[in-house]
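The block underneath contains the structure these notes are about, expressed in structure tokens.
Values quoted throughout were computed directly from the atomic coordinates according to the rules given, and no laboratory measurement underlies them. Owing to the predicted nature of the structure, the values given are computational and were not obtained by experimental measurement. We place every Cβ from the backbone using ideal geometry, glycine too, and count neighbours over all the protein chains shown.
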Amino acid sequence: MTILTGKAETVGRRRPEGGGLLRKIWDHRADYGYVLPAIAVMLIVIAYPIYYTIELSFFATPPGLQLRDKVFVGLNNYTAILTSPVFWTVTKNTLIWTVASTFLSFVLGFACALALHRDFLGRGILRAILIIPWVISAVAASYIWKWIYHSDFGIIGAVLVALGWTDRPPNFIDSVSTVLPSLIVVNIWREFPFAMIMMMAGLQTVPDQLLRAAKVDGANAWQRFWHVTFPHLRNVSTVTILLLAVANFNSFIIPWIMTGGGPSNASHIWITHIYELAFGRQRWGVASAYSVLLFVILMSLGYFYVRALSGNEQKDGAE
Amino acid sequence: MTAMTDTVARRPSSRRRQIDGWRWSGRIFLVFMLLYTALPMVWMLITSIKSGFAAMQFPPQWWPDQPTLASYEKLLDPQNSVGQDFLHFFWNSLFVSTTTTILSVIVAVPAAYAFSRFTFPGRNFLFFAVLLRNMFPAVIFLVPLFILMRAIGLVNTHGSLVLTYLTFGLPLAIWLLKGFYDNIPVQLEQAARIDGATRFQAFVLIVMPLSTPGIIATAIYSFIGAWNEYIYAYTFLSKNEQLTLPVGIQRFFSENTTDFPGLMAASFMMSVPVVVLFLLLQRYFVRALTEGAVKH
């Protein structure tokens, strides 16, 4: 869809001028000055590293990162990844982490936005408190929750014991079976406010008249939500879910600080694993190959991201 | 007759009961979310005013027997080494975040304006290329950027951080601001130019003031992002006196693993500047999202 209209545009634009693309670029040369700083920064910090990562993924580089001594190894780094059992554990963890965090953050955030949409006493304060976890640093959040989950002096364990549910405080982040869900709770704590802000902004664009008209026509609260509010929010929801998914897929700080990927890889996700391979074990080639794979996955996610955003663009143009 | 008035009277009340059901479940849900959000922070504050000994007790003291501000005094006292380090980290964070914020506004404003107003070839491609930056995790860029920074001599300087932080603030900043400029009528500028203003004057005098909320929102976003960033700072800086707060605190407490009151006090003080900044300016942020990003 997007590609088609894009082509039609350039063809339509080019014909009346008759000078070709170069001429057009020359005509608009002053315009590029405005975007040049942004593009320059992006090129240095993004394009160059991407190129370099791809190159490194075909080489074995010595631990000290002496680039002159690197040896070409072809696809060995890639086969090493796909044949290692850790790869599958980490991939499974990443999937659970990303899907659970994204889904729950979105649902909780959206529900908060709906509940906060109507004005009531103390709404502003409540909204402000709910946003705070999103603002504070993930490092601080990790330490706060690490202390809450502490196996000897953690408050959750103490409450459970005080209520008589268990005899001993449970080991939340030191046990293979509970570590991932425990970290997901922390991640949602930090992420749901973002969904809430986005959906609150989205809710403000739903026309009141439509809701009132639906009410007059006898639609109940659920029907009004499902047939009026929700269709209006489809675009915002898509963008929010994609941004959340990408952020979760890319998270590093919470698992890294709280568990470092342990116990026995139970909380390693792709990013922490790559970091450990590169800067912990100094296996630069394998880490780069991992990054390239990650890159491919993200590009396919990026396709949907751009589609969702350009959906916005096109509606914009139509208006 | 009475039966009829009965049914007439009953229907609205049953509907009201239904609405009340939704409203009450909404309230209960909000209370639950409030507890989920606030209790960890409350526990952080309570722990931070305990002595090290009081924190390590089971069952815990729900409220400390002898509340003390000792942890805060220790962190803010420039006389001892802990306080010296903490204040150093604090200033480093402030310097890096402020520089990043100023630069990202300077770079993002003209770019967003151009993406909104001009139709140069490759505009869409460049716009989406900028947005795609959001997709990629820091770790992918870490090794090559480390090599790059080493090559241009920026390792162990704050410049390396400012340069990298710029890029992850920029995409959202440009996207938000572009939405703003899209909503400002071109006629306003045209009128100014007919009155003799140059394009630049029209931009500075007419467009910039109208997009102030967007610029403020962009600035907050960049500042918070830079203030909280951890991975690059962790990798690029190794000298103790250069560390920013997140890394500094982590280094410090990996050596003193049992000082939880100190750790909580440090976490609290690290959060104060960004939380205060955000709460003061949050209405701009929500407005910018509504006008810039969502309403299209």
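Annotations for the structure displayed:
- Förster-model FRET efficiency, 25 Å R0, B:Leu281 and A:His117, C-beta, rounded to 0.05: 0.70
- Most mobile of B:Pro121, B:Pro273, B:Pro144 in a GNM of chain B (Cα contacts under 10 Å): B:Pro121
- Placing unit charges on the Cβ atoms only, positive for Lys and Arg and negative for Asp and Glu, gives the stretch A:158-282 a dipole magnitude near 260 debye about its Cα centre.
- Its convex hull of Cα atoms gives the stretch A:8-143 a direction-averaged projected area, equal to a quarter of the hull surface, of 18.0 nm².
- Separation in nanometres of the label points that stand 7 Å from Cα toward Cβ, at A:Gln282 and B:Gln190: 6.5 nm
- Compactness ratio for chain A: Cα radius of gyration over 2.2 N^0.38 Å (N = residue count) comes to 1.27.
- Entries in B:Lys50/B:Lys239; A:Lys24/B:Lys178; A:Lys146/B:Lys74; A:Lys215/B:Lys178; A:Lys70/B:Lys239 that, when Cα-Cα distance is taken, lie over 26 Å: B:Lys50/B:Lys239; A:Lys215/B:Lys178; A:Lys70/B:Lys239
- Taking each residue as 0.36 nm, the span from A:Leu210 to A:Ser264 lengthens on full extension beyond its C-alpha to C-alpha distance by 14.0 nm.
- For the protein assembly as shown, calculated [θ]222 nm from helices alone, where every DSSP H run of n ≥ 4 adds -39500 (n - 2.57): -23500 deg cm²/dmol
- Under Karplus coefficients 6.51, -1.76 and 1.60, residue-wise ³J(HN,Hα) of the stretch B:35-48 in Hz, glycine/proline x: 5, 4, 6, 8, 4, x, 5, 4, 5, 4, 5, 4, 5, 5
- Each residue of the stretch B:189-203 is assigned a 3J(HN,Hα), and the resulting list reads 5, 4, 4, 4, 6, 5, 6, x, 7, 6, 4, 5, 4, 4, 5 Hz, derived from the Karplus form 6.51 cos²θ - 1.76 cosθ + 1.60 (θ = phi - 60°), x at Gly and Pro.
- Average other protein chain Cβ within 10 Å of Cβ, residues B:32-44: 6
- Sorted ascending by nearby beta carbons within 10 Å, beginning with the fewest, A:Ile44, A:Ile197, A:Ile297 become A:Ile297, A:Ile44, A:Ile197.
- Of the residues B:Thr68, A:Leu243, A:Leu277, the one whose Cα sits farthest towards the positive end of the charge dipole of the protein assembly as shown is A:Leu243 (charges of +1 on Lys and Arg Cβ, -1 on Asp and Glu Cβ, taken about the Cα centre).
- Computing FRET efficiency as 1/(1 + (r/R0)^6) for B:Val31 and B:Met208, where r is the C-beta to C-beta distance and R0 is 45 Å, gives about 0.55.
- Shielding of A:50-57 by partner chains, average beta-carbon count, 10 Å: 3
- Amide H contacts under 5 Å for A:Phe59: A:Val73, restricted to partners 5 or more places along the chain or on a different chain, H placed in the peptide plane at 1.01 Å from N.
- A P(r) calculated from all alpha carbon pairs of chain B, with 5 Å bins opening at zero, reads 1, 5, 9, 11, 12, 11, 11, 10, 9, 7, 5, 4, 3, 2, 1, 1, 0, 0, 0 percent.
- Alpha-carbon radius of gyration plus Dmax, which is the widest Cα pair, for the stretch A:215-281 in Å: 20.6, 66
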